[in-house]
1. For a test of the definition: using alpha carbon positions, the gyration tensor, and the 1.5 limit on a/c, classify the range 41-84 as rounded, prolate or oblate.
2. At 1.4 Å probe size, put THR83, THR70 in order of accessible surface, largest to smallest.
3. Mind listing the phi-derived Karplus ³J(HN,Hα) values for the range 61-74, rounded to whole Hz, using 6.51, -1.76 and 1.60 with θ = phi - 60°, and x for any glycine or proline?
4. What 222 nm value per residue comes from the helices of the chain, counting each DSSP H run with n ≥ 4 as -39,500 (n - 2.57) and dividing by all residues, nearest 500 deg cm²/dmol?
5. How large are Rg and Dmax for the chain when only the alpha carbon atoms are used, in Å?
6. Provide the solvent-accessible area of ARG61, counting protein heavy atoms only and rolling a 1.4 Å probe, rounded to the nearest 10 Å².
7. Residue by residue through the range 45-50, what is 3J(HN,Hα) from phi via Karplus (6.51 cos²θ - 1.76 cosθ + 1.60, θ = phi - 60°)? Round to whole Hz and write x for glycine and proline.
8. Hey, in the GNM for the chain with a 10 angstrom Cα cutoff, which one of GLN28, GLN55, GLN66 fluctuates hardest?
Amino acid sequence: VLRSRALMAGSPDAYYNFSSGRYPYLVQTEVRGGDGVWRAMDFVVIHAKASSDYQSCQRRRWGAIQLKDTLDAAFSSARLLLTGDFNDDLD
């Protein structure tokens with residue numbers, strides 16, 4: 001592990017959309033491939049808003065949109081694995 005931090009921690013929208021402050025968490029690492037070469041690899045772990053009511057589903061949707069925008073803007077060329085508790089069907 002090289003670095004780790006909460007993503008979007010300064011955003012009140014992200015606070016609301018990701019289970020009241022369970023921000024997506026970025027872990028930046030180096031991993032060794034099968035060829036023995038070390039490469040940068042980023043992991044983003046999320047805990048999406050739970051529950052099946054309309055507002056919770058909307059919060060998950062808005063959080064996903066905000067996360068995608070953030071990843072597109074800051075990590076478009078990174079090797080990245082998104083993992084975690086999505087609390088929804090992921091298509």
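The values are calculated or read from the model by the stated rules, or taken from the named source; none is laboratory data. Remember, predicted model here, so these are calculated numbers, not experimental data. Heads up, the Cβs are rebuilt from the backbone with ideal geometry, glycines too, and the neighbour counts pull from every protein chain shown. Surface accessibility is based on the protein's heavy atoms, side chains included, excluding ligands, DNA and RNA. Shrake-Rupley method; radii C 1.70, N 1.55, O 1.52, S 1.80 Å.
1. Judged from the Cα gyration tensor, the range 41-84 comes out oblate (a/c at least 1.5, b/c at or above a/b).
2. THR83, THR70
3. So the J values, rounded to whole Hz, are 4, 5, x, 5, 5, 5, 5, 4, 4, 5, 5, 4, 6, 10.
4. -9500 deg cm²/dmol
5. Values for the chain (Cα only, Rg and Dmax): 14.3, 48 Å.
6. The value for ARG61 is about 120 Å².
7. 10, 10, 10, 6, 4, 8
8. Taking springs between Cα atoms under 10 Å, the residue moving most is GLN55.
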